[in-house]
Amino acid sequence: MAERSPAPAPRRPPRVALVVKRSAWKIYREERKDPRITRLIEAGDSAVARLKASHEAHEQTVREVKAVLDDLGVQIDVVASAAQSFDAGELDLVITVGGDGTLLSASHNVGDVPILGINSAPGHSVGFFCGATSRDAADAIAGALSGSLRSTVLTRMQVTVNDKLATGRVLNDALFCHVSPAATSRYVLRLGRAEEEQKSSGFWIGPAAGSTAAQRSAGGRVLPLTSKRLQLVVREPYTPHGEEYRLRHALIQPGASLVVRSKTHDAKLFFDGPIHSVSVGFGDVIEFTQAPQSLTILGLSAKRKWGAGSAASRR
């Protein structure tokens, strides 16, 4: 009698992290019950006119995404907000529901796992990095899980402070500046053999993915999305005697690094928006270079033209 082959092991359900933005309406109206926001809403003030509509569109998208994941039999291992840290090491996919800010913040937890951004309120938020909206979320999620959804691999930036790793996962940009926006930032830049002391409002530096965002707003070049170069753009250089900074704008080639010595006592480095940051003091040495680990974003075309917007809009 022939031996029967063992039955194949049941296939485990896909494991994903679901990272969901907390809307301004939810934070200030529902959770904090902010009295000023309440008064403005009751008065019909234009400053809050779009808050509820954006929140309702967002919440509807969240419900739709959860329903799709349930229908597909997906195991949601992590449910987090944009500001929360999580371990993506054993997951198959990270899905963010919000705008670019949500994806950028979540990406700091993501290594080799692909990430899919779903723009939950496209009429109210920027979603350059988002591969889907509520209209096509079901198809995008199914494609992401099956491996059929297009992907783009993006260079990230690594930052060390005094030879200690601050982050290796900057996708959009880093901002160096004084903690007070009214104060002057002082520092010394070194790129290759060129060295220059500067005073300014600080500087932006980041990989190509962020070149159409704050770097562009500050006068930088728009780089091809898959370029491996980093770009430095100085904000509002202070040159009272009419001198020109040689390193006001620079492109850093793969393998090269920009080294900065702070001459500011109370400085900050912000990574991909306001959530991730480190303090920098006088004499601290910062090094910016291409990160060894890239990021795979699903649903994003390498030919897309526009970027994630300035730091202020990344929500």
Inset, instruction - Evaluate the following for GLY98: is it in contact (Cβ under 8 Å) with a residue 60 or more places away in the chain, on the phi > 0 side of the Ramachandran plot and in the same structural domain as PHE128 (by TED's automatic domain parsing)? - result: yes
Legend entry - Enumeration of residues in region 138-157 that are in contact with a helix residue (DSSP H, G or I) (Cβ under 8 Å, 6 or more places away or on another chain), surrounded by 18 or more Cβ atoms within 10 Å (Cβ to Cβ) and assigned to a helix (DSSP H, G or I): ILE141
Inset, instruction - Scan region 215-231 for residues that are more than 22 Å from ALA302 (Cα to Cα) and among the hydrophobic types (A, V, I, L, M, F, W, C) and jot them down. - result: ALA218
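Which of the following residues is modelled with pLDDT of 95 or more and assigned to a strand (DSSP E or B): ILE76, ILE95? Let's see the steps before the verdict.
Working: ILE76 fails: modelled with pLDDT of 95 or more.
Only one candidate passes the filter, namely ILE95.
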Inset, instruction - State yes or no: is ARG135 crowded, with 20+ Cβ neighbours inside 10 Å and either among the basic types (Lys, Arg) or within 21 Å of ARG216 (Cα to Cα) (or both)? - result: no
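Looking only at region 158-169, decide whether some residue is surrounded by fewer than 18 Cβ atoms within 10 Å (Cβ to Cβ) and free of Cβ contacts under 8 Å to residues at least 60 places away in the same chain.
Within region 158-169, the first condition is being surrounded by fewer than 18 Cβ atoms within 10 Å (Cβ to Cβ), and the residues that meet it are 160, 162-165, 168.
With the extra rule that they be free of Cβ contacts under 8 Å to residues at least 60 places away in the same chain, the set shrinks to 164-165.
Yes, region 158-169 contains at least one residue that is surrounded by fewer than 18 Cβ atoms within 10 Å (Cβ to Cβ) and free of Cβ contacts under 8 Å to residues at least 60 places away in the same chain.
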Legend entry - Sole exception among (1) surrounded by 17 or more Cβ atoms within 10 Å (Cβ to Cβ); (2) assigned to a loop (DSSP other than H, G, I, E, B); (3) not aliphatic (A, V, I, L, M) for PRO254, by number: (1)
Legend entry - region 227-248 residues that are on the phi > 0 side of the Ramachandran plot, paired with ones that are among the aromatic types (Phe, Trp, Tyr) (beta carbon under 7 Å, 6 or more apart): none
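Give region 249-263 a look and list any residue that's touching an Asp or Glu at 6+ places or on another chain (Cβ under 9 Å) and over 16 Å from SER211 (Cβ atoms), or say none. Talk me through it step by step, then tell me what you get.
Within region 249-263, the first condition is being touching an Asp or Glu at 6+ places or on another chain (Cβ under 9 Å), and the residues that meet it are 257-263.
Result: SER257, VAL259, VAL260, ARG261, SER262, LYS263.
For region 278-287, give me the residue count where each residue is surrounded by fewer than 19 Cβ atoms within 10 Å (Cβ to Cβ) and outside any loop (DSSP other than H, G, I, E, B). Step through it out loud before you land on a result.
Just the residues of region 278-287 that are surrounded by fewer than 19 Cβ atoms within 10 Å (Cβ to Cβ), to begin with: 278-279, 281-285, 287.
Pick out the ones that are also outside any loop (DSSP other than H, G, I, E, B) and you get 278-279, 285, 287.
Residues flagged as surrounded by fewer than 19 Cβ atoms within 10 Å (Cβ to Cβ) and outside any loop (DSSP other than H, G, I, E, B) within region 278-287 amount to 4.
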Legend entry - Some residue of region 140-153 being out of contact with any strand residue (DSSP E or B) (no Cβ under 6 Å at 6 or more places or on another chain), closer than 26 Å to TRP204 by Cα and either outside the structural domain of ARG229 (by TED's automatic domain parsing) or without any contact (Cβ under 8 Å) to a residue 12 or more places away in the chain (or both): no
Inset, instruction - Within region 257-277, count every residue that is assigned to a strand (DSSP E or B) and at pLDDT 95 or above. - result: 12
Inset, instruction - Answer yes or no: is there a residue in region 234-249 that is of a type in the set (A, V, I, L, M, F, W, C) and surrounded by fewer than 17 Cβ atoms within 10 Å (Cβ to Cβ). - result: no
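Can we say VAL126 is at pLDDT 95 or above, within 29 Å of TYR28 (Cα to Cα) and touching a Gly at 6+ places or on another chain (Cβ under 9 Å)?
Details: at pLDDT 95 or above: no; within 29 Å of TYR28 (Cα to Cα): yes; touching a Gly at 6+ places or on another chain (Cβ under 9 Å): yes.
For VAL126, the condition - at pLDDT 95 or above, within 29 Å of TYR28 (Cα to Cα) and touching a Gly at 6+ places or on another chain (Cβ under 9 Å) - is not met.
Is it fair to say ARG193 is more than 22 Å from VAL280 (Cβ to Cβ) and free of Cβ contacts under 8 Å to residues at least 12 places away in the same chain?
Numbers: more than 22 Å from VAL280 (Cβ to Cβ): yes; free of Cβ contacts under 8 Å to residues at least 12 places away in the same chain: yes.
Criteria met by ARG193.
The values are calculated or read from the model by the stated rules, or taken from the named source; none is laboratory data. All of these numbers come straight from a predicted model, not from anything done at the bench. Ideal geometry is used to build each Cβ from the backbone, glycine not excepted, and the neighbour counts take in all protein chains shown.
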